[in-house]
Amino acid sequence: QRQLAESGGGLVQAGGSLRLSCAIPARPFSSHAMSWFRQAPGKEREFVAGMRWTGGGTKYADSVKGRFIISRDTAKITVKLQMDSLKPEDMGVYYCAVRVGATTTSASDYNGWGQGTQVAVSS
């Protein structure tokens, strides 16, 4: 069974940008929500941004509002996360996740996950 596949992570200086991409193995339905979570060492997985496949229901964590933008490419069946003005506290493994229903912020609501992509930010 193919999983979600994240890419685009790497090492960047504080203030820099990265764009993450999540390849989705099958075209989602309008009832699906796609989200990005991140997990730093020793910390719980936290919600970053999410949206409905229809394009609505967009949510952001307060810590990333104004700096990150989530979007989807319906032709390539991908979800992207544009991350600007990166800070050291943004470091962690970033995961793409999918669920049926509204965009929620709890990781336990999602039943489809990728392997994650590492983001490192040097100060």
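Among the residues of the range 13-26, how many are over 19 Å from Gln115 (Cα atoms) and either open to solvent by less than 50 Å² (accessible area, probe 1.4 Å) or out of contact with any Leu (no Cβ under 9 Å at 6 or more places or on another chain) (or both)? Of the residues in the range 13-26, 1 are over 19 Å from Gln115 (Cα atoms) and either open to solvent by less than 50 Å² (accessible area, probe 1.4 Å) or out of contact with any Leu (no Cβ under 9 Å at 6 or more places or on another chain) (or both). Within the range 32-43, can one find any residue that is assigned to a strand (DSSP E or B), modelled with pLDDT under 95 and open to solvent by 30 Å² or more (accessible area, probe 1.4 Å)? Yes, because at least one residue in the range 32-43 is assigned to a strand (DSSP E or B), modelled with pLDDT under 95 and open to solvent by 30 Å² or more (accessible area, probe 1.4 Å). Of the residues Ala75, Ala97, the single one that is in contact with a helix residue (DSSP H, G or I) (Cβ under 8 Å, 6 or more places away or on another chain) and either farther than 17 Å from Thr117 by Cα or assigned to a strand (DSSP E or B) (or both) is Ala97. The combined condition, being of a type in the set (D, E, K, R) and free of Cβ contacts under 8 Å to residues at least 12 places away in the same chain, is not fulfilled by Lys43.
For the range 44-59, the tally of residues that are open to solvent by 50 Å² or more (accessible area, probe 1.4 Å), part of a strand (DSSP E or B) and farther than 19 Å from Gln118 by Cα stands at 2. Being among the polar types (S, T, N, Q), more than 14 Å from Glu6 (Cα to Cα) and touching a residue at least 60 places away in the same chain (Cβ under 8 Å) holds for only one residue in Thr54, Thr104, Thr117, and it is Thr104.
Given the conditions (1) assigned to a loop (DSSP other than H, G, I, E, B); (2) over 23 Å from Leu11 (Cβ atoms); (3) modelled with pLDDT of 95 or more, which single one is not true for Val64? Every listed condition holds for Val64 apart from (2).
The values are calculated or read from the model by the stated rules, or taken from the named source; none is laboratory data. Since the model is a prediction, treat every value here as computed from it, not as a measurement. Neighbour counts are summed over all protein chains in view; Cβ atoms, including those assigned to glycine, are modelled from backbone coordinates with ideal geometry. With ligands, DNA and RNA removed, areas are computed over all heavy atoms of the protein, side chains included. Shrake-Rupley method; radii C 1.70, N 1.55, O 1.52, S 1.80 Å.
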